[in-house]
1. On a 0 to 90° scale, report how tilted helix 51-74 is relative to the longest principal axis of the chain, with both axes built from alpha carbons and the result rounded to the nearest 10.
2. I'd like the Karplus ³J(HN,Hα) series for region 93-98: coefficients 6.51, -1.76, 1.60, θ = phi - 60°, whole numbers in Hz, and an x wherever there's a Gly or Pro.
3. Enter the angle in degrees (range 0 to 90, nearest 10) between the Cα long axis of helix 151-179 and the first principal axis of the Cα atoms of the chain, meaning the one along which they spread out most.
4. Loop-only chymotrypsin sites (Phe, Trp or Tyr not before Pro) in region 123-184, please: DSSP not H, G, I, E or B, and at most 16 other Cβ atoms within 10 Å.
5. The list [x] 49, 37, 32; [y] 65, 36, 30; [z] 73, 29, 27 gives values of Cα extents along the principal axes in Å, and only one came from this structure; which label was calculated from it?
6. Starting from the Cα of residue 15, draw a straight line to each of the lysines and keep only those under 28 Å, dropping any in the same chain fewer than 8 residues away.
7. Which of the trypsin sites (Lys or Arg not before Pro) found in region 82-152 are loop residues per DSSP with 15 or fewer other Cβ atoms within 10 Å of their Cβ?
8. Specify the angular offset, from 0 to 90 degrees and rounded to the nearest 10, of the alpha carbon long axis of helix 2-37 from the longest principal axis of the alpha carbons in the chain.
Amino acid sequence: MNTVRENSLTSNKDKKYLSVIAVLSVAIPVVVAVLFFMPKANTPGIDVSYLPAFHAILNSLTAVALVIGYFNVKRGNVKAHRAAMLAAFSLSAIFLVSYVTYHFLGQRTIYGGDGVLKYIYYFVLLTHIVLAVVIVPLVLLSVYYGITNQLVRHRRISRWTFPIWFYVVVTGVVVYFMISPYYA
């Protein structure tokens with residue numbers, strides 16, 4: 001009887017946090033998408049041209065943190081796994097704030113390549129964008145379940161989160177290197 005009651009209380013507590021995760025999972029991609037259609041802010045004197053390279057660095061560091069976290073959990077080193085995954089989450093949060101800032105203040109860059117590379121670039125970019133939207137709720141749920149020690153749920157969702165998140169951060173770096181010659 002107590003177990004049922006405890007699960008019920010945990011479930012009610014979870015509902016509040018899962019609602020926040022749901023709202024963020026919709027709001028974050030919507031805000032990013034709106035930035036692409038908004039007129040750029042007229043802010044003379046503010047240089048954000050360095051941010052794309054910074055984003056590539058953040059994505060690279062996130063990929064490293066994800067791999068470190070993965071190998072540590074496979075070795076049973078939960079403490080190192082948790083530290084690496086919280087580092088990956090923090091790096092991604094910094095990336096998101098910086099990315100929004102760049103797209104609010106910076107100029108849009110168009111890929112200038114042609115031929116087969118153009119198709120490769122747009123394929124990588126499209127899959128990157130779609131999976132970047134998908135990864136938001138997966139990361140938030142994985143982190144929430146991990147922090148709250150709901151390990152069965154954490155493992156279940158993290159099986160999907162890890163490869164998608166890793167693909168998103170690696171393709172973010174690939175997209176940067178492919179488009180970097182066209183930055184003004």
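1. 30 degrees
2. Running phi through 6.51 cos²θ - 1.76 cosθ + 1.60 with θ = phi - 60° gives 5, 4, 4, 4, 4, 5 Hz.
3. Orientation of helix 151-179: about 10 degrees from the principal axis.
4. Those satisfying the criteria are 183.
5. Working out Cα extents along the principal axes in Å from the coordinates points to [y].
6. Result set, ordered by chain and number: 79.
7. Answer by residue number: 108.
8. 0 degrees
The values are calculated or read from the model by the stated rules, or taken from the named source; none is laboratory data. Remember, predicted model here, so these are calculated numbers, not experimental data. Quick reminder, even Gly has a Cβ in these numbers, built from the backbone with ideal geometry, and neighbours come from all protein chains shown. Surface accessibility is based on the protein's heavy atoms, side chains included, excluding ligands, DNA and RNA. Shrake-Rupley method; radii C 1.70, N 1.55, O 1.52, S 1.80 Å.
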